[in-house]
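Visitor: Below: one structure in structure tokens.
The values are calculated or read from the model by the stated rules, or taken from the named source; none is laboratory data. Since we're looking at a predicted model, the values are computed, not measured. Cβ coordinates were reconstructed from backbone atoms using ideal geometry, including for glycine residues, and neighbour counts include every protein chain displayed. Accessible surface areas use protein heavy atoms only, side chains included; no ligands, DNA or RNA. Shrake-Rupley method; radii C 1.70, N 1.55, O 1.52, S 1.80 Å.
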Amino acid sequence: MQRAEVVIAGGGAVGSATAYFLSSQPAFPGSIVVVEPDPTYAFAASARSAASIRQQFSTPLNISLSAFGMQFLRACRGDLADVGLVESTYLYLASAEGEEALRHNVEVQRRVGVGTRLYDAASLISCYPWINPAGIAAASDTASGEGWFDGYALLRALRLANERRGVRYVRDNVVSVLMEGANSVGGVRLGSGDTLRCRWLVNAAGTHSRAIAAEAGIDLPVFPRKRSVFVFTSPAPPLNCPLVIDPSGLWFRPEGDRFICGVVPVTDPTVEMDDFEVDHHQFDDIAWPALAHRVPAFEALRVTSSWAGHYDYNVFDQNAFLGSCETVPNLILASGFSGHGLQHAPAVGRALTELIIFGEYRTIDVTPFSYARYTRGEPLREYNVI
């Protein structure tokens with residue numbers, strides 16, 4: 001039997017960021033074990049993400065998490081590694097039906113200091129002349145604080161830094177949680193049969209987090225949802241292209257000398273954990289017609305590759321569950337990000353570190369994202385989910 005002060009289930013970006021901030025704190029002398037079944041991260045959400053970061057959320061707390069995320073990414077080249085950060089913006093396009101919601105979100109963003117810019121159709125064309133404005137009533141982008149990066153590079157950099165500091169990564173998976181009474185985690189049992197005793201268990205296992213939480217009597221409404229990403233080239237690529245969110249559910253952005261895109265599925269069912277089959281019909285039926293309509297230069301595009309990944313999707317309100325559970329205080333949740341876990345990983349890792357060491361949040365108070373809102377039936381909904 002082995003023991004660690006903190007066991008982290010899940011060695012992706014969120015779990016590794018938590019280990020990173022814990023191991024950097026002189027006030028934390030304890031040992032950290034990260035349990036991760038796949039050291040290659042071949043099917044990890046962190047590696048299969050579109051790896052983008054934005055401040056254009058409808059929830060102020062998500063905006064704060066992203067602001068620190070961008071600060072962290074900017075510092076990575078000096079502190080960790082070059083993670084290929086490209087600073088650009090998201091460009092949200094709204095139809096007449098979606099204009100009111102867009103304007104409301106812009107107001108929320110501006111109130112917390114985001115430099116969000118609002119466009120009508122005429123001003124949109126002057127800034128982005130390659131866009132077909134048909135059906136667009138309003139649009140928004142930002143002056144700074146958004147862009148995209150290499151998610152896998154960030155993940156590897158965090159892990160390497162952690163291992164240099166003595167954090168131990170175990171190639172295994174958590175199969176059961178060992179309880180001490182009804183209200184305290186005493187440890188975990190691994191698939192290998194080994195037992196790890198711990199004072200704190202951080203559940204950052206993504207789509208597997210629901211099963212781990214259930215072992216401690218916690219009903220976590222987090223399920224795997226699949227997202228397909230398509231890579232394409234264009235003989236006439238639009239200049240200064242940001243990450244564009246179309247009213248049709250399409251998104252696209254540059255990726256080096258190519259582009260990537262995807263769509264929000266019309267039907268979005270829970271999928272099997274091993275279902276990484278690309279839904280090619282989404283490109284043929286939805287993405288390509290929408291691309292050719294919105295950017296006429298994309299009519300001659302050519303798809304070169306594709307992949308699929310999973311969201312740990314919170315069906316309750318599409319926001320993360322963060323922090324201690326009321327009934328099991330030493331079980332720390334970091335799950336249900338619904339597509340924005342990678343960009344929020346640095347801020348979440350820092351916040352959970354503060355909670356474990358000091359018993360409180362000292363920088364960003366993520367209490368509104370506690371599990372208690374689910375037990376109370378009070379959703380804190382994020383409307384800008386893609």
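Visitor: So for region 136-154 (the condition being surrounded by 21 or more Cβ atoms within 10 Å (Cβ to Cβ) and of a type in the set (D, E)), does at least one residue qualify?
Guide: Quick first cut of region 136-154, residues surrounded by 21 or more Cβ atoms within 10 Å (Cβ to Cβ) only: 136, 138-142, 145-149, 151, 154.
Okay, now just the ones that are also of a type in the set (D, E), so 141, 146.
Yes, some residue in region 136-154 is surrounded by 21 or more Cβ atoms within 10 Å (Cβ to Cβ) and of a type in the set (D, E).
Visitor: I want to confirm something. Restricting to region 260-284 and keeping residues that are touching a helix residue (DSSP H, G or I) at 6+ places or on another chain (Cβ under 8 Å) and free of Cβ contacts under 8 Å to residues at least 60 places away in the same chain, which single residue is surrounded by the most Cβ atoms within 10 Å (Cβ to Cβ)?
Guide: C261
Visitor: Exactly one of (1) assigned to a loop (DSSP other than H, G, I, E, B); (2) surrounded by fewer than 19 Cβ atoms within 10 Å (Cβ to Cβ) is unmet by A161. Its number?
Guide: (1)
Visitor: What number goes with the only condition from (1) open to solvent by 30 Å² or more (accessible area, probe 1.4 Å); (2) farther than 29 Å from D172 by Cβ that T40 does not pass?
Guide: (2)
Visitor: Let me ask something else. Any residue at all in region 231-240 that is open to solvent by 10 Å² or more (accessible area, probe 1.4 Å) and closer than 30 Å to A351 by Cβ? Reasoning before the result, please.
Guide: From region 231-240, those open to solvent by 10 Å² or more (accessible area, probe 1.4 Å) are 231, 233-240; that's our starting set.
Those still in the list that are closer than 30 Å to A351 by Cβ too: none.
Within region 231-240, none of the residues are open to solvent by 10 Å² or more (accessible area, probe 1.4 Å) and closer than 30 Å to A351 by Cβ.
Visitor: Of the numbered conditions (1) open to solvent by 20 Å² or more (accessible area, probe 1.4 Å); (2) touching a residue at least 24 places away in the same chain (Cβ under 8 Å); (3) out of contact with any Lys or Arg (no Cβ under 6 Å at 6 or more places or on another chain), E299 satisfies every one except a single condition; which is it?
Guide: Single failed check for E299: (2).
Visitor: Among the helices (runs of 4 or more DSSP H) contained in region 1-119, which hold 2 or more residues that are at pLDDT 95 or above and not basic (K, R)?
Guide: On the way: elements: 13-23, 45-48, 60-79, 99-111.
In region 1-119, 13-23, 60-79, 99-111 are the helices (runs of 4 or more DSSP H) which contain 2 or more residues that are at pLDDT 95 or above and not basic (K, R).
Visitor: Regarding D284, is this residue charged (D, E, K, R) and part of a loop (DSSP other than H, G, I, E, B)?
Guide: Here the answer is no, as D284 does not meet what is asked.
Visitor: Next question. Might you check whether a residue that is more than 23 Å from S95 (Cα to Cα) and either over 18 Å from the mean Cα position of the chain (by Cα) or surrounded by fewer than 18 Cβ atoms within 10 Å (Cβ to Cβ) (or both) occurs anywhere in region 285-294? Give the steps one after another, and end with the answer.
Guide: Restricting attention to region 285-294, the residues satisfying the condition of being more than 23 Å from S95 (Cα to Cα) are none.
Checked against the condition, which is being more than 23 Å from S95 (Cα to Cα) and either over 18 Å from the mean Cα position of the chain (by Cα) or surrounded by fewer than 18 Cβ atoms within 10 Å (Cβ to Cβ) (or both), region 285-294 yields no hits at all.
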